[in-house]
Each structure stands twice: as structure tokens, then as C-alpha cells.
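Enquirer: After the C-alpha cells below, expect a handful of questions from me.
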Amino acid sequence: MAAAKIDANRAGQSTTSSVYFADLRLNGGERLWALVIPAKANPFLVCPAFEEGAPRETLDAGPFGNDADVLTWAEDESPFVALGKGLADRGLTSGVVGPR
């Protein structure tokens, strides 16, 4: 990521990147799922609140262990608020999020 000048990598919906990096199969569909891997901070997943259990177990058992956070959003909330919070909590209020 440093060579490509990317501050974080994002794998969203049902991508092979989430399987490669975290052995996590994202559900896809119409609701936002995003696995974000910052270059200099712990990764996090944004998913619907009612889906939190299974990805939490998968992340804990995968290469990130319990270092990855799971941020959820309710049906009446914007998933992009959770995504923005995850980035801001890691000091990424500006920068480049890949892939690009």
C-alpha cells in the first residue's frame, strides 16, 4: 500500500479480496458490507447489525485474530456513517482508500 500511496484498502460486498485477506466471504446484496484494511492501523468490518455474529467469528478465527473491529449499522442508519467513523477512529480523515 505504501508503494501505491494508498492509506487503506477496502474490500466490499462479495469480493475475492475479503477472502484472500481475511478468509471472509461477504454477503453482498443490497446492504453495505466493507472490510477496510488501513496501512497503519487495525482493520475493521462494516456490516448490518443483524449480521454481526458470523463475520465476528470468522474474523476472530482468521489472520487478523481479534484485532479487527466490527462496526454495525441499523436499518434506519446510514452505513457510511459507520464507515466514516471507522476511518476517523484510525486517523484517516483524509487520504486515499483503494483499490484504485
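Enquirer: Six or more apart or on different chains, Cβ under 7 Å: which pairs go from a residue in the stretch 41-70 that's of a type in the set (S, T, N, Q) to one that's open to solvent by less than 60 Å² (accessible area, probe 1.4 Å) and in a loop (DSSP other than H, G, I, E, B)? Could you list them?
Expert: Note: pairs meeting the criteria are ASN42/ALA68; THR58/LEU24.
Enquirer: Considering the stretch 7-40 alone, what residues qualify as being surrounded by fewer than 18 Cβ atoms within 10 Å (Cβ to Cβ) and either within 19 Å of PHE80 (Cα to Cα) or at pLDDT 85 or above (or both)?
Expert: Result: GLY12, GLN13, SER14, ASN27, GLY28, GLY29, GLU30, ARG31, LEU32, LYS40.
Enquirer: Only one residue in PRO48, PRO43, PRO63 is open to solvent by 60 Å² or more (accessible area, probe 1.4 Å), in contact with an Asp or Glu (Cβ under 9 Å, 6 or more places away or on another chain) and not hydrophobic (A, V, I, L, M, F, W, C). Which one?
Expert: The conditions single out PRO63.
Enquirer: Please count how many residues of the stretch 75-98 are assigned to a loop (DSSP other than H, G, I, E, B) and touching a residue at least 40 places away in the same chain (Cβ under 8 Å).
Expert: Result for the stretch 75-98: 5.
Enquirer: Could you list, in sequence order, all residues of the stretch 81-95 that are exposed (fewer than 13 other Cβ atoms within 10 Å of the Cβ) and modelled with pLDDT under 90?
Expert: GLY91, THR93, SER94 - these are the residues of the stretch 81-95 that are exposed (fewer than 13 other Cβ atoms within 10 Å of the Cβ) and modelled with pLDDT under 90.
Enquirer: Here's a follow-up. Out of the stretch 42-65, which residues are in a helix (DSSP H, G or I) and within 27 Å of LYS5 (Cα to Cα)?
Expert: Those that are in a helix (DSSP H, G or I) and within 27 Å of LYS5 (Cα to Cα): LEU59, GLY65.
Enquirer: Only one of (1) assigned to a strand (DSSP E or B); (2) open to solvent by 70 Å² or more (accessible area, probe 1.4 Å); (3) of a type in the set (Ser, Thr, Tyr) fails for THR72. Which number is that?
Expert: Here THR72 meets the rest and fails (2).
The values are calculated or read from the model by the stated rules, or taken from the named source; none is laboratory data. What you see is a predicted model; the values in this text were computed from it and never measured. Ideal geometry is used to build each Cβ from the backbone, glycine not excepted, and the neighbour counts take in all protein chains shown. Surface accessibility is based on the protein's heavy atoms, side chains included, excluding ligands, DNA and RNA. Shrake-Rupley method; radii C 1.70, N 1.55, O 1.52, S 1.80 Å.
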